[in-house]
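Asks: Pasting a structure below so you can have a look.
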Amino acid sequence: EDGRICNKEAMAKIRDAWVYKQIRERVDEFTEYKQALLYCGTWNVNAKGKDESLDEWICSDWGADGRYAPDIVAVGFQEIVDLNAVNVAVDNKTQQRTQY
């Protein structure tokens, strides 16, 4: 060894700080800001089939020519499960409870 103390954690922090500084100095070279329209929604599948179209729900406000279509569409899906005997039995009990 050459006598220097090597602290890998300190070296990583120094390197990361240097990289961050370089990026901040050149941010205008690779960053472009613009307004964007975002559509965000959640859909509860409720362990049902995938045959139901979401077009009417998602696309209803976009206009006939898509003029008001968002730049980004983000949809979160809930309760997507594989259909197996356990999931079907649990779903059946849930339906029975809601009838009474």
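The values are calculated or read from the model by the stated rules, or taken from the named source; none is laboratory data. It should be emphasised that the depicted structure is a prediction, and the values quoted were computed from it without experimental measurement. Cβ: placed from backbone, ideal geometry, glycine included. Neighbour counts: every protein chain shown. Ligands, DNA and RNA are excluded from the accessible area calculation, which covers all protein heavy atoms including side chains. Shrake-Rupley method; radii C 1.70, N 1.55, O 1.52, S 1.80 Å.
Asks: When both residues are 6+ apart or on different chains and their Cβ atoms are under 8 Å apart, which pairs have a first residue that lies in region 21-45 and is of a type in the set (A, V, I, L, M, F, W, C), and a second that is at pLDDT 90 or above and exposed (fewer than 10 other Cβ atoms within 10 Å of the Cβ)?
Replies: Ala36/Ile72; Leu37/Ile72; Leu38/Ile72
Asks: When you scan region 67-74, do you find a residue that is open to solvent by less than 80 Å² (accessible area, probe 1.4 Å), at pLDDT 80 or above and among the aromatic types (Phe, Trp, Tyr), even just one?
Replies: No: region 67-74 contains no residue that is open to solvent by less than 80 Å² (accessible area, probe 1.4 Å), at pLDDT 80 or above and among the aromatic types (Phe, Trp, Tyr).
Asks: A further question on this structure: Which of the numbered conditions does Asp16 fail, given that it passes all the others? Conditions: (1) open to solvent by 90 Å² or more (accessible area, probe 1.4 Å); (2) under 30 Å from the mean Cα position of the chain (by Cα).
Replies: Status for Asp16: all satisfied but (1).
Asks: Oh, and also: Mind listing just one residue for me: the one in region 34-64 that is surrounded by fewer than 10 Cβ atoms within 10 Å (Cβ to Cβ) and under 21 Å from Asn84 (Cβ atoms) and, of those, modelled with the highest pLDDT?
Replies: Result: Asp51.
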